[in-house]
Amino acid sequence: MRVDVGRSGGDALHWRQAALRRRCLGENAAVRGALGVVGIRVLGSGRKSYGEFCGGDGFSDWKREIEPSLKGVPELGWVLATRVHGKGYATEAVRAAIAWGDANIRSSGSRLGKTVCIIHPEHARSIRVAEKCGFKEMQRTTYKGEPTILFSR
């Protein structure tokens, strides 16, 4: 797996985002929303042996209508194509994103911590990734009428 870390707008990273977008749009509908709103693009990931991208992650302020408010706290999100689930790529990617965020994003001093993520309770693999990467469950809430777990680190 190759992890590329940087900010949106860089030529090489822009190409990677475009390639990721083209590759994943037909395979994973969740990528459609995620790639369009990521404010700081942190990761393009792919299997070197195939030369194809399989997912991505990033920090952003999605301005979600959720309680408690996430305003001012970077939210980390990730998405991977189903074909690469269970291979450790998400954990590797999230750890790389956190390292980049810790070095480049100033803490807001929020009671929510330095970084947050929200995960549906049925997404056991994402919950495990979050926990392995230092996130702790902070609160059960709802988002768009769906049960949601707010994690913080």
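Overview of values
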{"item": "Residues Thr115, Thr82, sorted so that the one with the fewest Cβ neighbours within 10 Å comes first", "result": "Thr82, Thr115"}
{"item": "5 angstrom amide H check on Thr148, placed H, neighbours 5+ away", "result": "Thr141, Thr142, Tyr143"}
{"item": "At most 15 other Cβ within 10 Å, DSSP loop - GluC sites (Glu not before Pro), the stretch 63-149", "result": "Glu65, Glu122"}
{"item": "Net charge over other residues, Cβ less than 14 angstrom from the Cβ of Arg111 (K, R count +1; D, E count -1)", "result": "+3"}
{"item": "Potential lengthening between Arg83 and His120 on full extension [0.36 nm per residue; Cα-Cα distance subtracted]", "result": "11.3 nm"}
{"item": "Ile119, Ile66 arranged by Cβ crowding within 10 Å, fewest neighbours leading", "result": "Ile66, Ile119"}
{"item": "Lysines with Cα under 20 Å of Lys63, excluding same-chain neighbours fewer than 8 positions away", "result": "Lys71, Lys114, Lys144"}
{"item": "Charge tally in the Cβ shell below 9 Å around Pro74, where Lys, Arg are +1 and Asp, Glu are -1, Pro74 excluded", "result": "-1"}
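Rule-based calculations on the coordinates, nothing more; no lab input. Please read these numbers as outputs of a predicted model, since none were measured by experiment. Counting neighbours? That spans all protein chains shown, and the Cβs are built from the backbone with ideal geometry, glycine included.
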